[in-house]
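Read the structure below first, then the notes.
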Amino acid sequence: MSDKHIPLTDHIEYTPEQMLSRATEFNINVRRRHSIRTFSDRKVDKAIIEQCILAAGSAPSGANHQPWHFVAISEQSMKDQIRKTVEHHEHAFYSRKAGEEWLEALKPLGTNEQKPYLSIAPWLIAVFSQKTGGIAETDSRNNYYVHESVGIATGMLITALHHAGLVTLTHTPKPMQFLADICERPDNERAFMLIIAGYPAEDATVPEHATIKKPLGQIASFVE
């Protein structure tokens, strides 16, 4: 492991006016991101998914250990297997495990145990966190701030997919161990999230409830 530092050569500085313009444009663009539950089966080039995963892989992480692994799945039988298992667990969730308060909170989104998009969407990306590892493939040291690091990388992946022109849905099935089994991941990894990615169906809709975002005054405080 080298402790050498190299000069910063790829930073681009903008004028304050340009910075505000770019920040505003990005805000407008990213606010067009929506969670979609009706996907088209149109194919998406693997190269697009690769570039988005590479972007996610540039996320900051504890000790730069990059404690994540992304399994991008387009193979139909594996998608069908994931759907079957998810719907089995979701049936238990909606029928007896979820409390009334939780179900009431989900009602405006119109979710239920049926997850057809898991079979229809062209790509499922299973995100795994790694308890141990490091930069080198043979490393086996402890990783640090794993959930924080993987959470940042996952957010960057969702943003990259949106920026590329795709729509996404995040899914966190409980339990999630079956994803590690299906994807044949090692014991030091835990399933973190499943991201569905592709084009929206022609009749895709967005729950009105999901378009309500808290204003700046509710999500931020400024100490000047």
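Take the range 39-76 and flag every residue that is under 14 Å from the mean Cα position of the chain (by Cα), under 14 Å from GLY151 (Cα atoms) and surrounded by fewer than 17 Cβ atoms within 10 Å (Cβ to Cβ).
Selection gives GLY57 alone.
If you check every pair at least six apart or on different chains, which have Cβ atoms under 8 Å apart with a residue in the range 186-200 that is touching a residue at least 24 places away in the same chain (Cβ under 8 Å) and more than 21 Å from GLY134 (Cα to Cα) first and a residue that is crowded, with 18+ Cβ neighbours inside 10 Å and acidic (Asp, Glu) second?
Every condition considered, no pair remains.
Identify the single condition in (1) of a type in the set (S, T, N, Q); (2) more than 30 Å from SER140 (Cα to Cα); (3) part of a helix (DSSP H, G or I) that GLN51 does not satisfy, given that it satisfies every other one.
Answer for GLN51: the failing condition is (2).
Provide a single number: the residues in the range 104-116 that are at pLDDT 80 or above and in a loop (DSSP other than H, G, I, E, B).
5
Please work out which one of (1) closer than 30 Å to ARG42 by Cα; (2) in contact with a His (Cβ under 8 Å, 6 or more places away or on another chain); (3) open to solvent by 100 Å² or more (accessible area, probe 1.4 Å); (4) not hydroxyl-bearing (Ser, Thr, Tyr) is the condition GLU202 fails and give its number.
(2)
Which of the residues spanning the range 158-170 are touching a strand residue (DSSP E or B) at 6+ places or on another chain (Cβ under 8 Å) and surrounded by fewer than 19 Cβ atoms within 10 Å (Cβ to Cβ)?
Selection gives HIS162, THR170.
Given the structure, is ASP41 touching a helix residue (DSSP H, G or I) at 6+ places or on another chain (Cβ under 9 Å) and not in a strand (DSSP E or B)? Steps first, answer last, please.
Working: touching a helix residue (DSSP H, G or I) at 6+ places or on another chain (Cβ under 9 Å): yes; not in a strand (DSSP E or B): yes.
In short, yes.
Output the number of the condition that ALA63 fails; it satisfies all remaining conditions of (1) on the phi > 0 side of the Ramachandran plot; (2) in a loop (DSSP other than H, G, I, E, B); (3) of a type outside the set (Ser, Thr, Tyr).
(2)
Determine whether SER119 is under 22 Å from the mean Cα position of the chain (by Cα), outside any loop (DSSP other than H, G, I, E, B) and of a type in the set (Ser, Thr, Tyr).
yes
Within the group GLU101, GLU137, which residue is assigned to a loop (DSSP other than H, G, I, E, B) and more than 20 Å from the chain's Cα centre (by Cα)?
Going through GLU101, GLU137 in turn, just one is assigned to a loop (DSSP other than H, G, I, E, B) and more than 20 Å from the chain's Cα centre (by Cα): GLU137.
Specify the residue that is most open to solvent (accessible area, probe 1.4 Å); the eligible residues are those in the range 16-38 that are within 22 Å of GLY151 (Cβ to Cβ) and assigned to a helix (DSSP H, G or I).
The extreme case among them is PHE26.
Exactly one condition in (1) closer than 21 Å to ASP41 by Cβ; (2) open to solvent by less than 60 Å² (accessible area, probe 1.4 Å) is not met by ILE120; state its number.
All conditions pass for ILE120, except number (2).
Filter the range 155-175 for residues that are at negative phi, assigned to a loop (DSSP other than H, G, I, E, B) and in contact with a helix residue (DSSP H, G or I) (Cβ under 9 Å, 6 or more places away or on another chain) and give the result.
Kept after step one, since they are at negative phi, are these residues of the range 155-175: 155-164, 166-175.
When the remaining residues are screened for being assigned to a loop (DSSP other than H, G, I, E, B), the result is 166, 172-175.
Result: LEU166, PRO173, LYS174, PRO175.
The values are calculated or read from the model by the stated rules, or taken from the named source; none is laboratory data. Just so it is clear, the model here is predicted, and its values are computed rather than measured. Glycine also receives a Cβ, built like all others from the backbone with ideal geometry; neighbour counts cover every protein chain displayed. Ligands, DNA and RNA are excluded from the accessible area calculation, which covers all protein heavy atoms including side chains. Shrake-Rupley method; radii C 1.70, N 1.55, O 1.52, S 1.80 Å.
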